[in-house]
């Protein structure tokens with residue numbers, strides 16, 4: 001997939017453009033603010049800590065996504081998302097949605113940072 005679906009678009013000067021950002025607190029939990037997309041980097045161990053319906057993060061490609069609010073909205077059912085909470089969900093996402101623009105576009109809303 002190359003650039004992960006949630007990566008902010010960049011201008012010719014390389015500056016990120018987006019409508020929201022997530023800033024990590026000392027616990028690694030993002031808090032929203034309204035500027036460019038987050039440059040925060042998370043480890044897979046941090047992602048693994050967010051593995052419940054009430055707190056669901058997943059890594060896809062080189063991005064980290066907070067999918068908590070998407071669980072109830074997912075067209076394929078909540079269980080499909082709950083099953084990937086706290087994981088590297090790259091294979092699951094690619095196997096289910098490879099080549100589909102809509103899921104990749106929807107995913108961008110939940111981007112909170114890079115996987116590092």
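Any read-out appearing in this document is the output of simple, stated calculations on the displayed coordinates, not a laboratory observation. As the structure is a computational prediction, the values presented were derived from the model and not from experiment. Every residue, glycine as well, gets a Cβ built from its backbone with ideal geometry; the counts of neighbours run over all protein chains shown.
If R0 is taken as 22 Å, the Cβ-Cβ distance between residue 106 and residue 72 corresponds to a FRET efficiency of 0.95.
When each of the peptides 78-90, 59-71 is scored by how many other beta carbons lie within 10 Å of its residues on average, the order from highest to lowest is 59-71, 78-90. One chain, two ends: residue 44 and residue 80. Fully extended at 0.36 nm per residue, the span grows by 11.0 nm beyond their Cα-Cα distance.
Taken over segment 38-115, the ratio of Cα radius of gyration to 2.2 N^0.38 Å equals 0.98. Look at the alpha carbon pairs under 8 Å that are at least 6 residues apart: their mean separation over the length of segment 38-115 gives a relative contact order of 41 percent.
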